[in-house]
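Report on the following structure.
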Amino acid sequence: MSKPIVSRISSRSLQYSGTLRWRSTRFISSSSRRLLPRFLTPREEQDLYQSITSSFREKLASNTAKSQDFYSSIIEQSLFAVPRSNPPSSSKVQDICSHIDAAVAAKKPQELKPLISELDRSNAPIKYYNYLMRAYIRLKDLKGAEYVLKNLPIGLLPSARTFTLLIQEYLSTDLDRAYEYMKQMQDMSCKLHKSFDYIVVMRLHIRRDDPLAVDFAWKDMLQHKETVKPTMQLYTTYLGYLGSKKKYEKASEVIQDLVAYSRTNDGLQKTLSALQCKTLISITNQLALHDQPQSASKLVKFLLSSTLTSTTSNTGLPEGLMPNAITLPSEVYTNIINGYMNLKKYSPVIDFYKEMTARNDVQLEEEALLTVEEARKCLMSRQSKQHQHHGKMYIANLAPV
């Protein structure tokens with residue numbers, strides 16, 4: 001009696017697999033038939049493997065440690081951030097703030113220290129401790145501001161502003177110390193909420209020459225734009241950085257966002273400081289000279305619709321005598337016109353010229369006027385050639401087949 005079909009197939013499969021296993025084993029193990037010759041000894045192969053993967057293993061270890069710190073900070077916050085027993089007394093806290101202001105006005109930092117205990121007894125929220133830290137900073141007492149941070153009562157966690165106040169002060173004197181506070185802020189998972197905090201963090205990354213961190217901070221701000229409500233100072237900080245790094249395409253994107261945001265948000269400050277105005281004029285010239293005249297023209301129109309703060313300028317004008325209206329250097333318009341001409345965009349040259357000459361506050365250079373006239377001739381020549389081409393096509397269509 002013959003064997004069942006299933007058992008016969010199974011036995012054949014076993015025989016075949018055994019044969020295949022034997023052949024493959026023999027093929028791989030035989031030194032004469034090795035697919036790839038072994039150039040290194042086992043010890044050398046191990047050393048090479050360790051060398052190739054060392055960077056990856058170090059990164060993995062640092063990420064693991066970072067995640068442990070992150071979760072530890074969450075656990076600590078959940079343990080210590082218990083509800084405070086009594087709500088703060090508004091009148092009491094305001095009274096303490098008055099004493100803080102009086103100490104600053106009298107330039108007596110020694111009068112600030114007793115107010116820490118007053119805030120503790122009043123169950124004041126963190127923003128009032130930040131206010132006290134700012135008072136120490138205004139009196140040039142950075143150690144006093146750090147003392148406030150170190151002696152926060154149990155159950156009260158610092159905010160991002162607590163750290164950015166200190167980071168800002170150390171930016172110009174001790175970059176390592178500023179970065180330490182930055183890491184503490186990150187370890188405690190403090191979220192940035194205001195333009196001031198983003199400006200300070202971006203300046204720190206700029207000083208440390210960390211372009212990825214700068215761009216990440218900007219992208220993070222855009223995700224929380226409605227909450228942050230970016231100011232002109234934040235925009236000019238990032239645009240000035242992009243100009244210094246010659247990232248003109250990215251700068252064009254930021255300008256487009258700035259112009260759109262200024263149209264839809266009445267809260268955006270359109271009164272510029274002298275430094276902000278100088279930064280925007282600089283980036284305008286750079287864009288015009290590097291194939292981005294359209295973005296430069298948008299920024300010019302934005303500048304002309306803005307005003308200048310009435311403060312003492314670098315040119316030595318007394319306070320209150322600086323004109324509010326912004327008057328741009330004539331070379332700005334010339335650079336934009338030349339930028340369009342370099343790209344052979346003659347129509348935008350004419351349009352920009354007409355728009356600027358319609359204003360009373362724009363003065364064009366002779367070079368710009370000559371370039372505009374050249375653009376007119378080029379545009380007329382192009383149109384004439386197009387008419388001739390269309391005429392020839394029309395005659396060709398009329399010709400008999």
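Each value in this text was obtained by applying a stated rule to the coordinates, not by laboratory testing. Predicted, not measured: the structure shown is a model, and the values here were computed from it. When we count neighbours, we look across all protein chains shown, and the Cβ atoms used for this are built from the backbone with ideal geometry, even at glycine.
Do the conditions hold for M188, that is, is it over 30 Å from S91 (Cβ atoms) and in contact (Cβ under 8 Å) with a residue 40 or more places away in the chain? Give the steps one after another, and end with the answer.
Details: over 30 Å from S91 (Cβ atoms): yes; in contact (Cβ under 8 Å) with a residue 40 or more places away in the chain: yes.
Spelling it out, M188 is indeed over 30 Å from S91 (Cβ atoms) and in contact (Cβ under 8 Å) with a residue 40 or more places away in the chain.
Anything in the stretch 255-287 that is in a loop (DSSP other than H, G, I, E, B) and either over 17 Å from I199 (Cα atoms) or touching a Phe, Trp or Tyr at 6+ places or on another chain (Cβ under 8 Å) (or both)? List them, or say none.
Step one: list which residues in the stretch 255-287 are in a loop (DSSP other than H, G, I, E, B), which gives 265-270, 273.
Those that are in a loop (DSSP other than H, G, I, E, B) and either over 17 Å from I199 (Cα atoms) or touching a Phe, Trp or Tyr at 6+ places or on another chain (Cβ under 8 Å) (or both): N265, D266, G267, L268, K270.
Residues checked against (1) touching a Gly at 6+ places or on another chain (Cβ under 9 Å); (2) more than 18 Å from H193 (Cα to Cα); (3) free of Cβ contacts under 8 Å to residues at least 12 places away in the same chain; (4) not aromatic (F, W, Y):
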{"residue": "T227", "(1), (2), (3), (4)": "no, no, no, yes"}
{"residue": "K245", "(1), (2), (3), (4)": "no, yes, no, yes"}
{"residue": "L289", "(1), (2), (3), (4)": "yes, yes, no, yes"}
{"residue": "S295", "(1), (2), (3), (4)": "no, yes, no, yes"}
{"residue": "F302", "(1), (2), (3), (4)": "no, yes, no, no"}
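Tell me, please, whether a residue that is among the charged types (D, E, K, R) and either within 22 Å of S295 (Cα to Cα) or in contact with a Ser or Thr (Cβ under 9 Å, 6 or more places away or on another chain) (or both) can be found in the stretch 170-182. Spell out the reasoning first.
To start, the set of residues in the stretch 170-182 that are among the charged types (D, E, K, R) comprises 174, 176-177, 180.
Add one more test, that the residue is either within 22 Å of S295 (Cα to Cα) or in contact with a Ser or Thr (Cβ under 9 Å, 6 or more places away or on another chain) (or both), and what stays is none.
No.
Quick one: count up the residues across the stretch 150-176 that are without any contact (Cβ under 8 Å) to a residue 12 or more places away in the chain and under 19 Å from K113 (Cβ atoms).
Final tally of qualifying residues: 1.
Looking at the stretch 324-338, which of the residues that are more than 27 Å from the chain's Cα centre (by Cα) and part of a helix (DSSP H, G or I) is farthest from S305 (Cα to Cα)?
Step by step, filter the stretch 324-338, then rank; the result is N338.
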